[in-house]
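Readers should treat all values here as calculations from the given coordinates under stated rules, not as data from a laboratory. Treat the numbers as computed from the prediction; the structure is a model and nothing was measured. As a convention, Cβ positions derive from the backbone with ideal geometry for all residues, glycine included, and neighbour counts pool all protein chains shown.
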Amino acid sequence: MDSIIKSDIFFFITGLSVIVLTIVGLVVLYYLTKIFKDIKHIAKTAKTEADHIAEDVETYRKDLKEGEKEIKQFAHQIKKIVK
């Protein structure tokens, strides 16, 4: 009779712990899902901004090359005037 009571207590505690662990696991999964969504949003924003920066750098590079040509032409004209 004593072993039956002990087994009932064991199964009650085991069942209760499984329920508690399941609830804790679900809460953790819920928060992990939210964190992963935030990380995905941050990564998407970073990629978009990196693309914008790359476009700006390309524009500045083109402007610099055009400015370099203008400076060379200006220097060439100065050389002609000096001669």
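Pairing the Cα long axis of helix 2-82 with the longest principal axis of the chain, what angle in degrees results, from 0 to 90 and rounded to the nearest 10? For helix 2-82, the angle is close to 0 degrees. The count of lysine pairs in the chain whose Cα atoms are under 28 Å apart, excluding pairs fewer than 8 places apart on the same chain, comes to 17. When percent of Cα pairs over 15 Å apart is calculated directly from the model, which label among (1) 79; (2) 55; (3) 52 fits? Here percent of Cα pairs over 15 Å apart agrees with entry (1).
Work out how much length residue 13 to residue 78 would gain on full extension: take 0.36 nm times their residue separation and subtract the Cα-Cα distance, in nm to one decimal.
Values: separation 65, 0.36 × 65 = 23.40 nm, distance 9.46 nm.
Stretched out fully, the residue 13 to residue 78 stretch lengthens by 13.9 nm.
Distance between the 7 Å Cα→Cβ label points at residue 55 and residue 38: 2.9 nm. Adding -39500 (n - 2.57) for every DSSP H run of four residues or longer, then dividing by how many residues the chain holds, sets the calculated 222 nm ellipticity at -37500 deg cm²/dmol.
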